[in-house]
């Protein structure tokens, strides 16, 4: 099983989350081939070759970073030819702004799910039964608060990284089940 984790990271927090997701997936399904790469380095061929796509982004003014949006927008040719249909997807975001999880994190996760669903992909959320849900989970996926109460970057917590490993393992296990049928 080939898992591609494409992300954008401003201050390193989203990248740390991507690495933790990869570690969780690798621990759950050791034979998986996992690739981590920046959204700006991800090609349409990379997306086609993967069985599982995991997209991650920091939240910028209530939505995904433009680097992730550029990748999302570049996939219309794949959509026209149904080339991502049947693949498995997962999503994660980091939010450092003011308020709760950081304004817009839920909207960002839903937008990424919507993109995958338009392609006919099967998306994996973050069930509340998983370890780490209380720290960085939303039904839509992994959501980590990375900012201080003043809205300044402070990094990702150990609890959020543990949640990321849990989510990565869950995505890998679910993908193996789905793709083996």
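The values are calculated or read from the model by the stated rules, or taken from the named source; none is laboratory data. Just so it is clear, the model here is predicted, and its values are computed rather than measured. A quick note on method: Cβ atoms are made from the backbone with ideal geometry, for glycine too, and the neighbour counts reach across all protein chains shown.
Every condition in (1) at pLDDT below 95; (2) outside any strand (DSSP E or B); (3) touching a strand residue (DSSP E or B) at 6+ places or on another chain (Cβ under 7 Å) holds for residue 135 except the one numbered (3). With 23, 18 as the choices, which residue is touching a residue at least 40 places away in the same chain (Cβ under 8 Å) and either assigned to a strand (DSSP E or B) or closer than 12 Å to residue 92 by Cα (or both)? After ruling out the rest, the residue left standing is 18. If you go through the stretch 26-62 and pick out every residue that is assigned to a helix (DSSP H, G or I) and touching a strand residue (DSSP E or B) at 6+ places or on another chain (Cβ under 7 Å), you end up with 5. All of 119, 170 fail the test of being in contact (Cβ under 8 Å) with a residue 40 or more places away in the chain, out of contact with any strand residue (DSSP E or B) (no Cβ under 6 Å at 6 or more places or on another chain) and within 23 Å of residue 63 (Cβ to Cβ), apart from 119. Per the listing 84, 161, 130, the residue uniquely within 20 Å of residue 41 (Cβ to Cβ) and either part of a loop (DSSP other than H, G, I, E, B) or touching a strand residue (DSSP E or B) at 6+ places or on another chain (Cβ under 9 Å) (or both) is 84.
On the given criteria, is residue 125 within 24 Å of residue 33 (Cα to Cα) and surrounded by 20 or more Cβ atoms within 10 Å (Cβ to Cβ)? Judged against the criteria, residue 125 is a match.
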